[in-house]
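This report refers to the structure that appears directly beneath it.
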Ligand code: NCD
């Protein structure tokens with residue numbers, strides 16, 4: 001089974017949430033003994049690549065990491081040929097690529113499970129699943145207001161999370177971004193039948209009613225214009241609920257100043273740890289399904 005986007009059924013999502021909880025308890029296992037996972041990242045990564053690699057090792061398997069700067073990609077090999085080749089060596093491929101839909105295209109030439117680790121401005125489904133796992137652990141999955149702040153146009157994590165949230169009831173979304181960086185229309189339309197989405201609320205007003213503040217960085221590598229990021233300061237959080245959380249997929253820039261880190265509502269490093277358990281669950285699921 002491939003994992004290419006976050007349009008998953010509720011039963012698969014609930015299964016993965018339960019399995020991630022289980023992985024959090026056991027921390028290591030032997031479920032993927034003798035299995036090999038290959039990571040191919042055409043864009044930089046710290047958390048996504050390392051957590052997948054740590055997970056494979058924690059589950060008893062082995063890893064191959066293709067360094068695209070040193071591989072036949074430099075001789076002009078196509079993505080498809082690289083995938084065909086690596087498929088002979090692996091039981092799962094984790095792929096990140098700068099082009100939207102590149103991972104979906106790659107999946108067409110292999111039977112081996114492919115996991116989308118981010119495809120340009122497209123999707124980042126494993127991040128969305130770990131985000132959901134974090135929300136569930138921190139607040140439960142009841143009715144709530146989630147405010148997404150920052151670069152909603154280019155930030156693939158918010159695209160995937162927003163889509164995933166359509167499977168749950170009682171979610172209200174507030175989008176806060178520069179006009180030029182607003183949530184793409186196709187996603188707004190996908191969400192429309194399921195979720196109330198608002199764009200007419202200021203950050204100062206939104207913060208008072210927000211349960212999850214999901215902050216993203218301006219994706220400078222994908223934008224030609226310079227934008228002033230929204231800064232989530234301790235001052236701003238004074239008017240937030242006592243029981244709410246601040247999330248961020250990381251890496252952060254000035255939008256999340258480090259003096260926020262000691263606030264118990266700052267959940268972004270707990271979010272990183274949750275990624276480990278959710279990706280263990282995902283790997284185990286896709287490899288076994290195959
Ligand atoms: C995100 C990404 O790569 O999309 N990072 C991540 O995977 N945790 C967010 C970002 O780069 O801004």
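What is the Cα radius of gyration of the chain over 2.2 N^0.38 Å, N being its residue count?
Values: Rg = 18.7 Å, N = 290, 2.2 N^0.38 = 19.0 Å.
The value comes to 0.99.
Return 263, 186 ranked ascending by Cβ neighbour count within 10 Å, so the fewest neighbours appear first.
On the way: 263 13, 186 9.
Ordered from fewest to most neighbouring Cβ atoms within 10 Å, 263, 186 come out as 186, 263.
At a threshold of 8 angstrom on Cα-Cα distance, excluding pairs fewer than six apart, so keeping six or more, what relative contact order does the chain reach in percent? Write out the running numbers ahead of the final one.
On the way: 552 pairs, mean separation 63.0, N = 290.
Relative contact order here is 22 percent.
For residue 223 paired with residue 54, estimate the spin-label separation in nm (one decimal), with each label point 7 Å from Cα along the Cα-to-Cβ line.
2.9 nm
Would you list 68, 86, 149 from fewest to most Cβ contacts within 10 Å? If you can, show how the numbers build up before the last one.
Details: 68 17, 86 21, 149 25.
Going from least to most buried by this count: 68, 86, 149.
Rounded to the nearest 0.05, what FRET efficiency do residue 199 and residue 43 give with R0 = 22 Å and r taken as the Cβ-Cβ distance? Could you check?
Values: r = 29 Å, r/R0 = 1.30.
The value I calculate is 0.15.
Round to the nearest 10 and give me the degree value, 0 to 90, for the angle of helix 10-26's Cα axis relative to the longest principal axis of the chain.
Helix 10-26 and the main axis of the chain meet at about 80 degrees.
Can you give the FRET efficiency to the nearest 0.05 for residue 89 and residue 259, using r as the Cβ-Cβ distance and R₀ = 51 Å? Walk me through the numbers before you get to the answer.
Values: r = 47 Å, r/R0 = 0.91.
E between residue 89 and residue 259, to the nearest 0.05, is 0.65.
Using a Gaussian network model on the chain with a 10 Å cutoff between Cα atoms, which of 70, 271, 127 fluctuates the most?
Sorting by GNM fluctuation, first place goes to 70.
Helix 47-58 versus the longest principal axis of the chain: what is the Cα-based angle in degrees, 0 to 90, to the nearest 10?
The angle comes out near 50 degrees.
Counting pairs of Cα atoms in the stretch 125-268, how many percent are more than 19 Å apart?
Details: 4864 of 10296 pairs.
Summing the P(r) of the stretch 125-268 above 19 Å gives 47 percent of all pairs.
So for each of 193-205, 212-224 I average, over its residues, the number of other beta carbons within 10 Å; can you give me the resulting order with the highest mean first? Mind dumping the intermediate values first?
Details: 193-205: 12.8, 212-224: 18.8.
Top of the packing list down: 212-224, 193-205.
For the chain, what does the helix formula give at 222 nm: sum of -39500 (n - 2.57) over DSSP H segments with n ≥ 4, over the residue count, nearest 500 deg cm²/dmol?
My calculation for the chain gives -11500 deg cm²/dmol from helical runs alone.
Nearest 10 degrees is fine. How inclined is helix 268-289 to the longest principal axis of the chain, computing both from alpha carbons?
Roughly 40 degrees between the two axes.
Would you please put 73-79, 155-161 in order of how densely packed they are, using the mean number of other Cβ atoms within 10 angstrom per residue and starting with the highest?
155-161, 73-79
FYI, it's all coordinate maths here, none of it is from the lab. On a predicted model such as this, the values are computed, not experimentally measured, just so you know. In this analysis, Cβ positions are derived from the backbone assuming ideal geometry, glycine residues included, and neighbour counts consider all displayed protein chains.
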